[in-house]
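What follows draws every value from the coordinates through simple rules; no lab data is involved. What you see is a predicted model; the values in this text were computed from it and never measured. With ideal geometry, Cβ positions are generated from the backbone for all residues, glycine too; neighbour counts draw on all protein chains shown.
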Amino acid sequence: MAENEKYRKYWNAQIETMERDVLEELQLSLLKSEVRFAYDNAPYYKRSFDKAGVSPDDIKSLSDLARLPFINKHTERETQGVGSFLGELAAVPEEDVVFVSTSSGSTGVPTMSPFTRGDFDKFTDTVSRMFWQAGMRPSDRYLHALNFSLYIGGPDVLGAQNLGALSIWGGTLPSDRLLFVIQTYKPGFIYTSPSYAWYLGETALKKGIDPKSLSIRKIFTGGEPGASIEATRETIEKLWGAELYDFYGLSDIFGPCAAMCEQHDGLHLAEDQILVETVDPATGERIPDGEQGELVFTTLQKRARPMIRFRSGDIGRFVKEPCACGRTHGRIYIHGRKDDMFIVSAVNVFPSDVEAVLHGVGGLTSEYRIHVYDENYTSKYAVEVEKIEDESDESVAERVEKALRARIGVRPAKVTVLKAGELDTRSEHKAKRLIDDRKGH
Ligand SMILES: [Zn+2]
């Protein structure tokens, strides 16, 4: 586009187009200092490295990273609040922390991801880089339609602003209002979840507005895998007459860690900020780049809470070959979640979360069944429970729904209340408490 030609091609050409060997040299030097910093300042790392008999001095090459122990969501939860407010994974005093985002963990207990001022500035710059590689320029208008509350997607708007785009802080406006904003301010770019992009487009159609006639040219999506699923992407692109760009983020690590460039072929990982390894999801053994496995991430510059070998639970592959866009940072392709996790309205839910909540609701037997299914490009879940006491079904359902909403963050689509013994989970060889009707499951 002629409009874009007056701008440079890359947000940071030096970093983004670095030769692979130079990039790996940079990664090694950053890794050494990150591991040293973590060991010297975060009580958890000192203890776990000592226990494993490894020291920061053992890191002499990138492959030596495999000598260090893994951490996971469980580690975050276990160490949070231990010894100090930020817990044992944190490597700086609380006074150095300027921001925390939270994410729901596998028991529904939110985990906090702290940022120092320096971490936050790097995060913002990385988001700018990702928007730039998707074609956003200072002459563009950007509508941020992601939740601001506690969620790491909220401050992504600062990345657009830092890039120089005119940024509209939409948040979670009701769809009528959001459509009005689009019609009035005519943004070319919007960031939302794939299911909401679909919903908003459908809502426009119902109101007699063709989304294709609106100003949106590019849609960034995150929080759900939709934009990397070909069929979903095509449907939304057709509906809006716009291009979809998938963003991959983990609040545990950094917010957006990887995003699509204009080639739409995988998501460029910010390799100067984050190191990725692929491991066998069952054994944790390293497997070669390019092969499918569980992705394990290590922060290279994060100070507030360094994350060393964080097992993401995401299954995908990492490809190092340079992209047609000229960027040398490798690309990840996410395939799905390791566990039976399902995502409802961009909230990660594990069957064990539901179980934990149900077991805390009085008046129920321990039997339950979860039904997960796809509807309108997002997952929904319904639960069946058994009541013990002589209480109305409505009242039981209401208590269950309330508890699930409070603890997990998203309500079930339906709660079915049965009498004790009516659920047939017991009659089977192995209790089947999860019925997964999602595509690809
Ligand atoms: Zn590219």
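Using just the C-alpha positions of the range 283-384 as equal point scatterers, what log10 of I(q)/I(0) does the Debye formula give at each q in 0.21 1/Å? Log10 I(q)/I(0), no solvent term: -1.14. Helical content alone sets the calculated 222 nm signal of the chain at -9000 deg cm²/dmol, taking -39,500 (n - 2.57) per DSSP H segment of four or more residues and averaging over every residue. For the range 362-378 and the range 380-422, compute the distance between their C-alpha centroids and round to whole Å. Using only Cα atoms to place each centre, the spacing works out to 9 Å. Based on Cα contacts under 8 Å between residues 6+ apart, the chain shows a relative contact order of 13 percent. The base-10 log of I(q)/I(0) for the chain, evaluated at q = 0.08, 0.11, 0.14 Å⁻¹, reads -0.49, -0.91, -1.37 [Debye formula, identical scatterers on Cα atoms, solvent excluded].
Taking a straight line from the alpha carbon of residue 6, these aspartates and glutamates sit under 14 Å away, with near neighbours fewer than eight places off in the same chain left out: 140. Each label was represented as a point 7 Å from its Cα along the Cα-to-Cβ direction; for residue 63 and residue 9 these points are 3.3 nm apart. With each label modelled as a point 7 angstrom along the Cα→C-beta vector, the residue 55-residue 392 pair spans 7.0 nm. Neighbours of residue 114 by Cβ distance under 12 Å: Lys/Arg scored +1, Asp/Glu scored -1, total -2.
Once the C-beta distance of residue 176 and residue 29 is scaled by a Förster radius of 51 Å, the resulting FRET efficiency is 0.45 to the nearest 0.05.
Compare 102, 299, 283 in a GNM of the chain, Cα atoms joined below 10 Å, and give the one with the largest fluctuation. Looking only at 102, 299, 283, the largest GNM fluctuation is found for 283. Here the chain carries DSSP beta bridges of which approximately 65% are antiparallel, counting only pairs with both residues inside. In order along the range 290-304, the Karplus-derived 3J(HN,Hα) couplings, from 6.51 cos²θ - 1.76 cosθ + 1.60 at θ = phi - 60°, round to x, 8, 7, x, 7, 8, 10, 10, 10, 6, 10, 9, 6, 9, 4 Hz, and Gly and Pro are given as x.
Annotation: for a label point projected 7 angstrom from Cα along Cα→Cβ of residue 373, residues of the range 388-419 with backbone N closer than 16 Å are 412-417. In the range 344-436 the Cα-Cα distances spread across 5 Å bins starting at 0 as 3, 14, 27, 26, 18, 10, 3, 0 percent of all pairs. Each residue of the range 274-289 is assigned a 3J(HN,Hα), and the resulting list reads 9, 9, 10, 10, 10, 10, 5, x, 8, 9, x, 5, 5, 10, x, 4 Hz, derived from the Karplus form 6.51 cos²θ - 1.76 cosθ + 1.60 (θ = phi - 60°), x at Gly and Pro.
So for each of 270-281, 78-89, 48-59 I average, over its residues, the number of other beta carbons within 10 Å; can you give me the resulting order with the highest mean first?
270-281, 78-89, 48-59
Charge tally around residue 80: other residues with Cβ under 15 Å, Lys/Arg +1 each, Asp/Glu -1 each, net -2. Remark: the residue 36-residue 424 segment gains 134.3 nm on full extension, using 0.36 nm per residue and subtracting the alpha carbon distance. The protection proxy used here, the mean number of other Cβ atoms lying within 10 Å of each residue, ranks peptides 158-170, 369-381, 300-312, 392-404 as follows, highest first: 300-312, 158-170, 369-381, 392-404.
What FRET efficiency comes out for the pair residue 148/residue 437, r = Cβ-Cβ distance, R0 = 30 Å, nearest 0.05? In this case the efficiency is close to 0.35. So what's the net charge close to residue 49: Lys and Arg +1, Asp and Glu -1, counting the other residues with Cβ under 10 Å from its Cβ? Taking every Cβ under 10 Å from that of residue 49, the sum is +2.
List the pairs from 73/218; 9/73; 60/338; 207/402; 9/218; 302/338 whose alpha-carbon separation is above 29 Å, in the order I gave them.
Over 29 Å Cα-Cα: 73/218; 9/73; 60/338; 207/402.
Ranked for footprinting exposure by Cβ neighbours inside 10 Å, fewest first, 17, 124 give 17, 124.
Pairwise inverse Cα distances across the range 42-82, averaged and inverted, put the Kirkwood hydrodynamic radius at 11.2 Å. Expressed to the nearest 5 percent, the antiparallel share of DSSP beta bridges inside the range 344-436 is 55 percent.
Kirkwood hydrodynamic radius computed over the range 265-309 comes to 11.5 Å, based on all pairs of distinct alpha carbons. Per-residue Cβ neighbour counts within 10 Å put 364, 267 in the sequence 364, 267, beginning with the fewest. In a reduced charge model with +1 at each Lys and Arg Cβ and -1 at each Asp and Glu Cβ, the range 42-152 shows a dipole moment near 340 debye about its Cα centre.
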